[in-house]
1. Would you work out the relative contact order for the chain, in percent, from Cα pairs under 8 angstrom that are 6 or more residues apart?
2. For the chain, what does -39500 (n - 2.57) per DSSP helix run (n ≥ 4), summed and divided by total residues, give at 222 nm, in deg cm²/dmol to the nearest 500?
3. Which one of 21, 33, 56 has its Cα pushed farthest toward the positive end of the charge dipole of the range 20-136, where Lys and Arg give +1 and Asp and Glu give -1 at the Cβ?
4. Classify the range 20-136 as rounded, prolate or oblate, taking a ≥ b ≥ c as the square roots of the eigenvalues of its Cα gyration tensor: rounded when a/c is under 1.5, otherwise prolate if a/b is larger than b/c and oblate if not.
5. What nm value, rounded to one decimal, do you get for the distance between residue 25 and residue 106 when each label is placed 7 Å out toward the C-beta?
6. If Lys and Arg each add +1 and Asp and Glu each add -1, what is the summed charge of the other residues whose beta carbon sits under 15 Å from the beta carbon of residue 87?
7. Less than 18 Å apart at the alpha-carbon level, and either on another chain or at least 8 residues along: which aspartates and glutamates does that give for residue 61?
8. To the nearest 0.05, what FRET efficiency results for residue 65 and residue 36 with a Förster distance of 30 Å applied to their C-beta separation?
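Values in this text are rule-based calculations from the coordinates and carry no lab data. Keep in mind that this is a model prediction, so the values were computed, not measured. Here Cβ is always computed from backbone atoms with ideal geometry, including for glycine, and neighbour counts include all displayed protein chains.
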Amino acid sequence: MKKTIFYIALTLSSLFAKEFNAPMQTYMQGLSAEAKTANPNFSGFDARRGEAIFTGVHMSKKGKDISCTTCHSTNLRSGGTNINTNKPILALSPSTNASRLSDVAEVEKWLRRNFNDVFAREGTALEKGDVLTYIINQ
Ligand code: HEC
């Protein structure tokens, strides 16, 4: 009986586990090491802090309210609109869009641009790790 429960739990956890692919795991480990150097008390990335980053509203360089949700919408499983170009953006959630968070160079490039759009600076290792942990769990 115990064994059966164990295997059911194991199957369920592998079904629902949200994991980065190998190159992205290496990237996340790098961010983690950087966050630990910046703060020795760092104890792992947090999806809730990531959500606060993703939904928090800031003043853009153009003097307008902006957040990650301005372009990506609050539902990461549906798409959004790039407010600069009016072009549609496909869903950011890897559970609806398998290509998401799969390419380190792509992720780095857009995080750099998008943090600059919203925060007028680059994201820290902690912020990037938290927000990616939030996105992959959507
Ligand atoms: C001005 C509009 C805009 C804002 C604001 C914005 N993004 Fe983006 N984001 C884009 C566009 C455009 C792309 C690239 C096109 C695409 O991948 O669909 C993109 C791509 C991404 C990607 C790459 C995903 C992948 O693997 O393909 C990530 C991660 C991302 N954004 C996170 C964020 C975060 C975090 C914020 C807030 C700090 C944010 N974005 C704010 C427009 C925006």
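1. 32
2. Helix contribution divided over all residues of the chain: -17000 deg cm²/dmol.
3. Value: 56.
4. Verdict is oblate for the range 20-136.
5. About 2.0 nm, to one decimal.
6. Here the count lands on 0.
7. List returned: 117, 122.
8. E(calc), rounded to 0.05, equals 0.35.
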